[in-house]
Amino acid sequence: MEKLNRMAIELVDEALEYAAELNVGATQLDSEATILDFGLEFDGGMEAGLLCTEIQTAGLATVRRQLGTIGTATIPYVELSTDQPALALLGSQKAGWELTAEDFEGLGSGPARALVAGEDIYQRIGYSEHFDLTALAVETDVEPTDAAAEQVAAFAGVEPSSVFLVAFPTASVVGSVTNAARAAEVATYQLCELGYDPLDIVSANGRAPVAPIAADERTGIARTTDALAYGGRAHLVVRESFDRFEEIPSTAGEEYESPFAEIYDEMEWSFEELPAGLFGPATVTVDVMGGETHTFGETDEELLIESFGL
């Protein structure tokens, strides 16, 4: 299999080649790192969001959009499927890099994480890599700085000129699309956090609504989390049975039935204090190969209508 970063860079090249068609832009910093603007000064769009998701998953997932409904409103949905869930979702897509450098803060996801491989999940999946180019998707409402790019380069072991940062706010089309594409990832991650071997997850599929674009970042974060926790559906194919599958969906959390705007306010927007169980998909079906099929959780359309302002 090709390296995650090599496959992602091919997709970055596609974004650069078709930047005008995707409504995105690119600039080079003084450090010679490249910033791809997927929603800061440029509008981006659904196609840009799908391509950003492909970059986040290093090309190891199939991502597509569909139309669905919530109440009487027509809403786009994003569906993601992969037969490499450990690498695509945990080793690449997971937003595991809190990028903090001088005057910049952002949340990073993508294959650059595998060059660092400092998170416990890389030991569990037995993966790390070395490559001379790298890509990191950064959820932020300001353009990444030279200090941020140089930090990524230092941790990843590459030159700053080899760093490509795909930047977008949560409150953007790309932000809503890429977060809707995380239903399979959050289900996979929740299952692994419960103690399941990530290498025994054979296939993962997920689907969630694309939240309407919010006017500010906090509303965007709350809406996109609601989209997953109250509207996200996941299907996993696994090798071994397990006695804690019912703890995967968001319904297992004590805070279930509260909009995330309220949950975040109560926690004063301190994300590290939030229980991990909050972030599962609304429903999950787990198909044990040669065994039983289990389904847990439920969606909450009324809460989504309220959250989305429909």
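Below 8 Å, C-alpha to C-alpha, sequence gap of six or more: please give me the relative contact order for the range 11-157 in percent.
20 percent
Charges on Cβ only, +1 for Lys and Arg, -1 for Asp and Glu, centred on the Cα centroid of the range 4-308; of 24, 57, 236, which one is farthest towards the dipole's positive end?
Farthest along the dipole direction, towards plus: 236.
Near the amide H of residue 166, under 5 Å away, which other amide H atoms are found, from residues 5 or more places off or on another chain, if H is placed in the peptide plane?
36, 136, 137, 138
Contour minus end-to-end for residue 262 and residue 64, with contour as 0.36 nm per residue of separation and end-to-end as the Cα-Cα distance?
Fully extending the segment from residue 262 to residue 64 adds 68.2 nm.
From the Cα gyration tensor of the range 152-251, with a ≥ b ≥ c the square roots of its eigenvalues, which class applies: rounded if a/c is under 1.5, or else prolate if a/b is larger than b/c, or else oblate?
It comes out oblate by the Cα gyration axes.
Once you have the Cα-Cα distance between residue 98 and residue 154, take 0.36 nm times their residue separation minus that, and quote the gain in nm to one decimal.
Additional length available on full extension: 18.7 nm.
Order 292-300, 241-249, 13-21 from most to least packed using the mean count of other Cβ atoms within 10 Å.
241-249, 292-300, 13-21
How charged is the neighbourhood of residue 93? Take every other residue with its Cβ under 9 Å from the Cβ of residue 93, and add Lys/Arg as +1 and Asp/Glu as -1. Working shown, then result.
Numbers: positive: 94, 182; negative: 185.
So the environment of residue 93 carries a net charge of +1.
May I ask for the Rg/Rh ratio of the range 4-308, computed from Cα atoms with Rh as the Kirkwood radius, given to two decimals?
Ratio of gyration radius to Kirkwood radius: 0.95.
For the chain, what relative contact order do you get, as a whole percent, if you take Cα pairs closer than 8 Å and at least 6 residues apart? Intermediate values should be presented prior to the final figure.
Working: 748 pairs, mean separation 53.6, N = 310.
With pairs under 8 Å counted, the relative contact order is 17 percent.
Can you compute the FRET efficiency between residue 293 and residue 123 using 1/(1 + (r/R0)^6), with r the Cβ-Cβ distance and R0 = 35 Å? Round to the nearest 0.05.
The calculated FRET efficiency here is 0.70.
Is the range 169-310 rounded, prolate or oblate when judged by the Cα gyration tensor, a ≥ b ≥ c being the square roots of its eigenvalues, rounded requiring a/c under 1.5 and prolate requiring a/b larger than b/c? Can you show the working numbers first?
On the way: a/c = 2.04, a/b = 1.78, b/c = 1.15.
Cα axes put the range 169-310 in the prolate bin.
Sort 157-166, 87-96 by the packing proxy (mean of other Cβ within 10 Å over each peptide's residues), most packed first.
Result, highest mean first: 87-96, 157-166.
Highest mean first, what order results for 171-183, 22-34 on Cβ atoms within 10 Å?
Top of the packing list down: 171-183, 22-34.
In nm, what is the difference between 0.36 nm times the number of residues separating residue 2 and residue 216 and their Cα-Cα distance?
My answer for the length gained is 73.2 nm.
We did not get these values from a lab; they are worked out from the coordinates using the rules stated. Being a predicted model, the structure only gives us computed values, none of them experimental. Here the Cβ is made from the backbone with ideal geometry for all residues, glycine too, and neighbour counts use every protein chain on show.
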